[in-house]
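The values are calculated or read from the model by the stated rules, or taken from the named source; none is laboratory data. Here the structure is a predicted model, which means the values were calculated and not measured. Glycine gets a Cβ as well: all are built from the backbone with ideal geometry, and neighbour counts include every protein chain shown. Areas reflect the complete protein model, heavy atoms only, side chains present, ligands, DNA and RNA absent. Shrake-Rupley method; radii C 1.70, N 1.55, O 1.52, S 1.80 Å.
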Amino acid sequence: MTLPSGWEMVVGLEIHTELKTATKMFCGCANSFGSEPNTNICPVCLGLPGSLPVLNKMAVELAMAIGVALHCTIAPSTFHRKNYFYPDMPKDFQISQYDLPINSRGYLDLPDGSQISVERAHLEEDTGKSTHLGGSGRIHGADRSVVDYNRSGVPLVEIVSGPDIRSSTQARAYASEVRGILIATGASDGRMEEGSMRIDANVSVRKSGQPFGTRCEIKNLNSLRSLQRAIDYEALRQIDVLEDGGSIRQETRHWDENQGETSTMRTKEEAEDYRYFREPDLVELSPDQAWQDRVRAALPPMPAARRARLELLLGEPTEAQRDAVGTVVELELDQFVIAAAESNLDVSLAVARAANEIAAAINNVGRLSVESFVATVSMEQSGKLSATQAKKVLGELLENGGDPVAIAKSMGFEQMGAQALGELVAQCIAENPSEWQRYRDGDEKLSQFFIGLVMKLTKGQANGKAVIAELQQRK
Amino acid sequence: MSSPLSREEVAKVAKLARLRITDAELEQFTEQLGQILEHANDMTSLNLADVEPTGHPFGLINVMREDVVRPSVDRDAVLAEAPDAEGGRFGVPRIMGEAP
């Protein structure tokens with residue numbers, strides 16, 4: 001989407017991610033999604049008087065891994081109480097990091113070459129989950145809400161970007177790259193649909209070259225698609241208001257996915273005064289250099305490095321191939337492509353099959369072994385299978401598993417062996433003597449004519465490269 | 001000497017803390033809290049340039065536990081103590097709007 005001429009959007013994102021620890025941030029209750037309501041609760045995460053929080057070492061370690069991956073400085077940090085009254089937070093405050101976060105001043109390079117600064121990535125605890133019950137048909141008659149505290153106290157890292165993002169596409173690319181890093185570090189599973197990664201977007205607009213405008217914060221962005229749509233909607237809304245001579249109020253707005261619009265949730269005047277103060281029950285967190293070094297050393301390659309590795313295998317990748325590599329890395333299919341490359345197969349073919357065929361059935365990827373993938377690509381490259389046939393074999397492998405050679409046989413694909421193909425090519429040559437003569441005289445374009453004929457006869461089952469080989473043999 | 005704290009500020013803090021206080025209490029707390037602030041202000045007359053800020057009375061850092069699951073409490077026992085419950089969840093008065 002392009003904004004009206006002369007306008008520019010300024011966007012910063014706050015990405016909250018739940019950490020994949022075994023237990024909660026400050027108590028030994030299990031950190032698990034989908035348990036029966038209120039089965040993972042104890043005096044600490046229920047905020048009962050006299051209970052004391054103790055920091056989870058693994059949460060700190062995962063936060064540090066995120067910080068290292070985002071090129072942040074890890075510094076001594078403290079915890080504060082963020083005070084507010086809401087039933088999802090039984091203590092009536094959330095423990096968070098305020099003026100001294102564990103990670104600060106980092107950055108992230110995006111695949112398009114742009115760089116987004118990361119102001120901070122701090123630790124905090126998640127809240128419980130409340131559900132509103134309608135009044136009708138209930139015993140008591142009155143409307144009320146019910147609360148499940150299983151999520152209360154689950155460790156979170158909030159990653160705050162600088163106001164460096166200038167388009168919704170870039171916002172999406174940034175969020176997607178952060179998600180890739182969270183998955184690669186093992187800090188989070190990055191599942192937005194389950195709420196383990198949640199995004200708020202700060203959006204403002206300005207005339208190019210002018211100071212930043214007043215920003216609005218958009219909440220309830222539950223997918224990358226929502227993020228992109230909401231930012232575009234909000235930027236256009238603000239431009240409309242300003243062009244009509246109005247002004248923007250600083251406020252929190254709610255994204256409605258069905259309506260495709262944002263609406264006022266609360267204005268700044270109504271905003272809570274959180275009265276942050278030091279959490280007296282927690283001491284300073286100050287990871288020493290040795291611990292930081294261990295975390296750094298244990299970090300697996302990040303998505304950018306993995307993309308670079310695959311692009312190096314491709315040589316000089318085209319734009320489309322780079323996109324395909326992005327998909328391969330995002331879906332963690334690197335090992336398929338690398339195994340194909342190690343078997344001296346065509347890397348571009350392996351990337352294409354991974355980014356298209358495997359990606360199309362990504363939920364079944366566990367059924368496809370690296371060996372089966374390599375064998376299928378090998379059969380396609382050698383001409384034993386046409387592109388169409390290879391895709392079908394991969395589809396079957398992803399659907400039901402099995403042995404690619406046996407599957408190809410059972411699907412009747414091996415019928416199109418070299419001999420059968422040779423006979424078909426000979427037949428096409430015999431039926432089109434003048435085209436054949438022109439091809440022999442050096443008009444290479446006519447190879448496409450013969451490939452077309454053979455494809456028609458074989459209903460697309462032939463291998464184009466194999467047809468050319470047959471033609472050249474007969475020249 | 002004028003109070004370091006206004007009645008309006010105390011009323012706001014009470015509101016944020018969801019405390020209902022009478023006019024007499026407002027008067028009393030404004031004076032008492034003002035005295036505490038005045039005492040804190042006394043510190044500014046001291047030369048503390050060479051003193052490290054104290055974040056916590058203990059000199060401890062990095063107090064942590066291993067990431068090992070410990071038993072949670074019995075849900076029914078907890079919910080039995082709650083004023084209201086339904087379907088394994090705590091019942092609360094209707095929530096207006098979204099979380100801050």
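Taken together, the criteria exclude B:Val68 from residues that are open to solvent by 80 Å² or more (accessible area, probe 1.4 Å), assigned to a loop (DSSP other than H, G, I, E, B) and either in contact (Cβ under 8 Å) with a residue 12 or more places away in the chain or more than 14 Å from chain A (Cβ to nearest Cβ) (or both).
Residue check: A:Ser196 meets all listed conditions (1) surrounded by fewer than 20 Cβ atoms within 10 Å (Cβ to Cβ); (2) modelled with pLDDT under 95 but one, namely (1).
Condition first: open to solvent by less than 20 Å² (accessible area, probe 1.4 Å) and part of a helix (DSSP H, G or I). Now tell me which residues in segment A:354-370 satisfy that.
Taking segment A:354-370 as the starting set, the residues that turn out to be open to solvent by less than 20 Å² (accessible area, probe 1.4 Å) are A:354-355, A:358, A:368.
A:Ala354, A:Ala355, A:Ile358 - these are the residues of segment A:354-370 that are open to solvent by less than 20 Å² (accessible area, probe 1.4 Å) and part of a helix (DSSP H, G or I).
State the number of residues belonging to segment A:216-225 that are out of contact with any His (no Cβ under 7 Å at 6 or more places or on another chain) and outside any helix (DSSP H, G or I).
Here is the first cut: in segment A:216-225, the residues out of contact with any His (no Cβ under 7 Å at 6 or more places or on another chain) are A:216-218, A:221-225.
Right, trim to outside any helix (DSSP H, G or I) and you get A:216-218, A:221-223.
So the answer is 6.
Residue-by-condition table, conditions (1) more than 13 Å from chain B (Cβ to nearest Cβ); (2) assigned to a helix (DSSP H, G or I); (3) open to solvent by 10 Å² or more (accessible area, probe 1.4 Å):
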site: A:Asp99; (1), (2), (3): no, no, yes
site: A:Ser117; (1), (2), (3): yes, no, yes
site: A:Arg120; (1), (2), (3): yes, no, yes
site: A:Ser145; (1), (2), (3): no, no, no
site: A:Ile159; (1), (2), (3): yes, no, no
site: A:Arg172; (1), (2), (3): yes, yes, yes
site: A:Glu177; (1), (2), (3): yes, yes, yes
site: A:Ile183; (1), (2), (3): yes, yes, yes
site: A:Ser188; (1), (2), (3): yes, no, no
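A residue that is among the basic types (Lys, Arg), closer than 27 Å to A:Phe79 by Cα, within 14 Å of another protein chain (Cβ to nearest Cβ) and part of a helix (DSSP H, G or I) occurs somewhere in segment B:5-15.
Going by the structure shown, is A:Leu394 open to solvent by less than 20 Å² (accessible area, probe 1.4 Å) and within 26 Å of A:Leu331 (Cβ to Cβ)? Show your work before the answer.
Details: open to solvent by less than 20 Å² (accessible area, probe 1.4 Å): yes; within 26 Å of A:Leu331 (Cβ to Cβ): yes.
Considered against the rule, which asks whether it is open to solvent by less than 20 Å² (accessible area, probe 1.4 Å) and within 26 Å of A:Leu331 (Cβ to Cβ), A:Leu394 comes out as yes.
A single entry from A:Gly153, A:Gly195, A:Gly180, A:Gly186 fulfils the requirement of being small (Gly, Ala, Ser) and in contact with a strand residue (DSSP E or B) (Cβ under 7 Å, 6 or more places away or on another chain): A:Gly153. Within segment B:51-65, restricting attention to residues that are open to solvent by less than 90 Å² (accessible area, probe 1.4 Å) and facing chain A (nearest Cβ under 7 Å), the residue that is modelled with the lowest pLDDT is B:Gly55. Among the numbered conditions (1) open to solvent by 50 Å² or more (accessible area, probe 1.4 Å); (2) at pLDDT 90 or above; (3) under 27 Å from the mean Cα position of the chain (by Cα); (4) facing chain A (nearest Cβ under 7 Å), the only one that B:Phe90 does not meet is (1). Scanning segment A:27-38 turns up at least one residue that is surrounded by fewer than 17 Cβ atoms within 10 Å (Cβ to Cβ), among the hydrophobic types (A, V, I, L, M, F, W, C) and assigned to a loop (DSSP other than H, G, I, E, B).
A:Gln228 meets all of the listed conditions (1) among the polar types (S, T, N, Q); (2) outside any strand (DSSP E or B); (3) open to solvent by less than 20 Å² (accessible area, probe 1.4 Å) but one, namely (3).
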